[in-house]
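The values are calculated or read from the model by the stated rules, or taken from the named source; none is laboratory data. As the structure is a computational prediction, the values presented were derived from the model and not from experiment. Virtual Cβ from ideal backbone geometry, glycine too; neighbours counted across all protein chains shown. Note: accessible area is taken over every heavy atom of the protein model, side chains too, but ligands, DNA and RNA are not part of it. Shrake-Rupley method; radii C 1.70, N 1.55, O 1.52, S 1.80 Å.
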Amino acid sequence: MAVLAKIRQRSALMIVVIALALFAFIAGDLFKKGNFGKSSKDVGSINGKDISFEEFRVKVSNVEKSQEGMTSTAAANRVWDQEVSIALLTAEFDKLGLRVGPKHIMEVLKADQNIGKNPLFLNAAGVFDEAKFKEYFKSNPEQAQVLKDREKDAELNAKYQIYNTLVKAGIYTTESEGKLKYEMESNKVNFAYVAGLYSSIKDDKVKVTDTEIEDFMKKNEKKYKADATREIEYVLIEDKASAEDENEIKNKVNGLLSGSVVYNQATSKNDTLQGFKSAANTIEFVNSNSDIPYDSTYVAKKDLPAADAEQLYNLAPGAIYGPYMNGKYYCISKSLGRKVGVNAKASHILISYEGTQVPNKKEQRTKEQAKAKAEALLAQVKANPDSFLMLAFTASDDSSSQQGGDLGYFGPNQMVKPFNDFVFNNPVGTLGLVETPFGFHIIKVTDKQDGVRLATISQKIEASEATSDKIFTQATKFEMDAADKDFEKLAKETKLSVAPAITAKVMDESFGSLGNQRNIVRWAFEDETNVGDVKRFEVANLGHIIAKVKKANPEGLMAVDLVRPSIEPILKNKKKAELIKAKMTGTSLEAIAKASGYGVQQAVGVTMENPVVTGGGQEPKVVGNAFALATNQLSAPIEGNGGVYVVKNINTIKAPTLKDHAPYVAKLKAQSAGDSNRVITALKANAKIEDNRSQFNY
């Protein structure tokens, strides 16, 4: 009562304090997110062109609606990539002065199946009718905006088609390049060499400092440019059942086996409830007492829980087995009988024909030709059953050909109907021919499995309320203690383990093995979050994650510890090269070999196309030098991929002169066929892109 009296006395003061606190909170939010702060009304900019947040938000919302299950962050990432690509390409279109007319736009619209094949826009002959298309939108003005949006997209696509054609036209291969390709493949060089491999010097003989790694990155800035990242370590305290919880659930499941007596308040009498053993309606009993509803499927032995499969499969009808564990459930099962042939196994040889949706056709053929070939193969297999495997491998148009046509086990109605009916209506060993929409199948029924139907009561093993409260208290205490104690030491003291730090970018949502934990990444990048800060996150169906920001890497060069594994060997080899070169003294290979302690070796018939040196791997610089030397000429020490080489040209064998290098020109064209697809990547690399998405709670 004394405490209440004091509160009443100070009520006016408390109201003022609360009001000030609320004002501070609101004002702080205004300064952080409003016009007083650094936040932008634009979600970003590309080469100075702003992207409005409001327009961006609408597009993200539309993507989320069209892609069920997509998170807002994933949708924002997709829309952002689209916006960047469109902005960069549009700028290129404008530079080139690309223009498209109504006819071109209409052709692009027609190519869209939703328009070109829409019955609303087809004439009596089933052909797209432009007049009907225009009339529809004229008589449905509420759809006008939809058409405008489609036309805008179609115009962009039309320009891209022109642009892409121009890019492809600019990528060509000359006769001279074809000639060089031929010479690189066909010219050969024989040379002797002395090689001091980097592996001959132990790594601990040379040291590489952080400064040296940073200097190396600065010389290769584009390659090692990095976005801002946060390194986050964490402790996971799982919200899982205790041994007592498991025992309680097990006893509860056990208690369902036999009947029980309960007091009925309405009648003031004891009622005897049936147990699982004597339940009049087994299915109803399961659905009333199980966390997983009754499943009437017949299950093959191989699909039953491995540890209990033998006992479950061999249960007599009406017999009960359990309790047993199946994953995170305690279960008891009653057998409702067996059924033969619930699963089947078959092999096939598919012979497809023109018009079937089969991507791996080994040859083009008509339906008649396919049928004739299939009948011939069936006759061959019947005459020699052992030939099925090889014929499937060489003749089948299905990807299963690599397994000799084996399709494995499948259940009823998993295959197209004619295939399904043949397999399930015929005994093991039957051979036959069936036609489906994929073509003609020579089928061999190789095995069948019986199945058992089980009525199973499953109750999930999960933490009780008391256990969850205890875990919550433990996680909260760890969070509070970690604020001013050593994170790893505290984890060790409390018998917890610290997970390896996860490196996250500002728009990442994936968090290592824990999957989507966007809220943790977002927190790590907030302005108020500093290195060393700790926060607890409650994750449904998992438990509590206590995260700590271990390190903040600003935008710029990548962190040294991240790149050391890839850069350190390069710099160590540079230092080893100097040590090896210092030993390579002399005016002949023999003298150099004697001075350095490395032997003289021979390379025979090496080409620039495949510059492999025996014992040293790919060495293009070494082989290139060998080609450049005159006969019997000695090179200076060459720093190669695997060591330092001194080479002596024995002789160079030039390939015969060709009048036509067309095959080699064709090879180069094939190699550069995808180069046009790298345009957007190149444009992004040279663009000035500002990304403010993280300010808008994505």
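Can you spot a residue in the range 59-69 that is closer than 28 Å to Ala685 by Cα, open to solvent by 80 Å² or more (accessible area, probe 1.4 Å) and not aromatic (Phe, Trp, Tyr)?
For the range 59-69, residues closer than 28 Å to Ala685 by Cα, open to solvent by 80 Å² or more (accessible area, probe 1.4 Å) and not aromatic (Phe, Trp, Tyr): present.
Which ranges mark the strands (runs of 3 or more DSSP E) fully within the range 208-282 that have 1 or more residues being free of Cβ contacts under 8 Å to residues at least 40 places away in the same chain and open to solvent by 30 Å² or more (accessible area, probe 1.4 Å)?
260-264, 269-273
Between residues in the range 511-538 that are within 24 Å of Ile471 (Cα to Cα) and without any contact (Cβ under 8 Å) to a residue 60 or more places away in the chain and residues that are part of a loop (DSSP other than H, G, I, E, B) and of a type in the set (Asp, Glu), which pairs lie under 8 Å by C-beta distance while being six or more apart or on different chains?
From residues that are within 24 Å of Ile471 (Cα to Cα) and without any contact (Cβ under 8 Å) to a residue 60 or more places away in the chain, the pairs are Gln517/Glu509.
Looking only at the range 605-641, count every residue that is at pLDDT below 95 and within 17 Å of Lys583 (Cβ to Cβ) and tell me the total.
Total satisfying the criteria: 0.
Would you pick out the residues in the range 380-400 that are closer than 20 Å to Ala344 by Cβ and either assigned to a strand (DSSP E or B) or hydroxyl-bearing (Ser, Thr, Tyr) (or both)?
Scanning the range 380-400 gives Ser396, Ser399, Ser400.
Scan Glu142, Glu135, Glu151 and give me the residue that is part of a helix (DSSP H, G or I), open to solvent by less than 80 Å² (accessible area, probe 1.4 Å) and charged (D, E, K, R).
Exactly one residue qualifies, and that residue is Glu151.
Out of (1) in a helix (DSSP H, G or I); (2) more than 30 Å from Gly327 (Cα to Cα); (3) open to solvent by 20 Å² or more (accessible area, probe 1.4 Å), what's the single condition that is false for Ala466?
Here Ala466 meets the rest and fails (2).
In the range 84-120, how many residues are in a helix (DSSP H, G or I), surrounded by 14 or more Cβ atoms within 10 Å (Cβ to Cβ), free of Cβ contacts under 8 Å to residues at least 40 places away in the same chain and not hydrophobic (A, V, I, L, M, F, W, C)?
Total meeting the criteria: 2.
Might you check whether a residue that is closer than 30 Å to Lys240 by Cβ, assigned to a strand (DSSP E or B) and β-branched (Val, Ile, Thr) occurs anywhere in the range 337-355?
Checked the range 337-355: no residue is closer than 30 Å to Lys240 by Cβ, assigned to a strand (DSSP E or B) and β-branched (Val, Ile, Thr).
Got a sec? Which of Lys382, Lys371 is in contact with a Phe, Trp or Tyr (Cβ under 7 Å, 6 or more places away or on another chain), open to solvent by 80 Å² or more (accessible area, probe 1.4 Å) and among the basic types (Lys, Arg)?
Lys371
Do the conditions hold for Glu509, that is, is it modelled with pLDDT of 90 or more, in contact with a helix residue (DSSP H, G or I) (Cβ under 7 Å, 6 or more places away or on another chain) and not hydrophobic (A, V, I, L, M, F, W, C)?
Here the answer is yes, as Glu509 does meet what is asked.
How about the range 323-333: which of its residues are out of contact with any Pro (no Cβ under 8 Å at 6 or more places or on another chain) and open to solvent by less than 10 Å² (accessible area, probe 1.4 Å)?
Ser333
For residues that are open to solvent by less than 90 Å² (accessible area, probe 1.4 Å) and of a type in the set (Lys, Arg), scanning just the range 347-366, find the one that is nearest to Phe424 (Cα to Cα).
If we take residues in the range 347-366 being open to solvent by less than 90 Å² (accessible area, probe 1.4 Å) and of a type in the set (Lys, Arg), then Lys361 is nearest to Phe424 (Cα to Cα).
Within the range 482-497, can one find any residue that is buried (at least 17 other Cβ atoms within 10 Å of the Cβ), within 30 Å of Cys331 (Cβ to Cβ) and either in contact with a Pro (Cβ under 7 Å, 6 or more places away or on another chain) or among the aliphatic types (A, V, I, L, M) (or both)?
Looking through the range 482-497, none of the residues is buried (at least 17 other Cβ atoms within 10 Å of the Cβ), within 30 Å of Cys331 (Cβ to Cβ) and either in contact with a Pro (Cβ under 7 Å, 6 or more places away or on another chain) or among the aliphatic types (A, V, I, L, M) (or both).
Quick one: Leu407 ticks every box in (1) closer than 30 Å to Leu542 by Cα; (2) within 33 Å of the chain's Cα centre (by Cα) bar one, so which box is it?
Here Leu407 clears every test but (1).
Within the range 554-586, can you find the residues that are among the acidic types (Asp, Glu) and either in a helix (DSSP H, G or I) or more than 43 Å from the chain's Cα centre (by Cα) (or both)?
Asp561, Glu568, Glu578
Condition first: out of contact with any strand residue (DSSP E or B) (no Cβ under 6 Å at 6 or more places or on another chain) and part of a loop (DSSP other than H, G, I, E, B). Now tell me which residues in the range 295-327 satisfy that.
Answer for the range 295-327, where residues must be out of contact with any strand residue (DSSP E or B) (no Cβ under 6 Å at 6 or more places or on another chain) and part of a loop (DSSP other than H, G, I, E, B): Asp295, Ser296, Thr297, Leu304, Asn314, Ala316, Gly318, Gly327.
Can you tell me which residue is least open to solvent (accessible area, probe 1.4 Å) among those in the range 157-200 that are out of contact with any strand residue (DSSP E or B) (no Cβ under 8 Å at 6 or more places or on another chain) and not in a helix (DSSP H, G or I)?
That would be Thr173.
Quick check on this structure: which one of Asn289, Asn220, Asn247, Asn281 is under 27 Å from Asp469 (Cβ atoms) and either out of contact with any strand residue (DSSP E or B) (no Cβ under 8 Å at 6 or more places or on another chain) or of a type in the set (Lys, Arg) (or both)?
On inspection, the qualifying residue turns out to be Asn247.
Among the candidates Gln414, Gln449, Gln474, Gln459, which residue alone is open to solvent by 50 Å² or more (accessible area, probe 1.4 Å) and in contact (Cβ under 8 Å) with a residue 40 or more places away in the chain?
Gln474 is the lone residue from the list that is open to solvent by 50 Å² or more (accessible area, probe 1.4 Å) and in contact (Cβ under 8 Å) with a residue 40 or more places away in the chain.
Return only the number of the condition from (1) of a type outside the set (Gly, Ala, Ser); (2) buried (at least 18 other Cβ atoms within 10 Å of the Cβ); (3) closer than 14 Å to Ser458 by Cβ that Asn343 does not satisfy.
Unmet for Asn343, out of (1) of a type outside the set (Gly, Ala, Ser); (2) buried (at least 18 other Cβ atoms within 10 Å of the Cβ); (3) closer than 14 Å to Ser458 by Cβ: (3).
Can you name the residue in the range 498-536 that is under 18 Å from Ser72 (Cβ atoms) and assigned to a strand (DSSP E or B) and, of all such residues, is most open to solvent (accessible area, probe 1.4 Å)?
My answer is Lys505.
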